């Protein structure tokens, strides 16, 4: 029986990027080298516009911000507990741990709200 694959296999159809003897690196390598050679001052000199997707309005008062965080944490606690009710074993224990951490954060935020606006 004859062997189909030559020993060693022909490498004529190999990619030029795989061959270490290639003289010209590909464009991605050139871009990586250019990016690595940028200095901190060059990066700081680039014009920068902050993303406004997650920015907070500077005119919003602390009470409103804490109220929003409290509601978000309460919703996350409910969602986590609903998921924990559907799980068993280690997954359930992990979700209950996450719920506990969020509950402590929610209690802390609510305490901060109480300190900002004490009941008379």
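Observations on the structure shown:
- Boolean, residue 95 is over 23 Å from the mean Cα position of the chain (by Cα), in contact (Cβ under 8 Å) with a residue 12 or more places away in the chain and part of a helix (DSSP H, G or I): no
- Taken over segment 20-49, the residue count meeting the criterion of being modelled with pLDDT of 75 or more and part of a loop (DSSP other than H, G, I, E, B) is 4.
- The number of residues in segment 97-110 being more than 11 Å from residue 70 (Cα to Cα) and surrounded by 15 or more Cβ atoms within 10 Å (Cβ to Cβ) comes to 2.
The values are calculated or read from the model by the stated rules, or taken from the named source; none is laboratory data. Model, not experiment: these values are computed from the prediction. We place every Cβ from the backbone using ideal geometry, glycine too, and count neighbours over all the protein chains shown.
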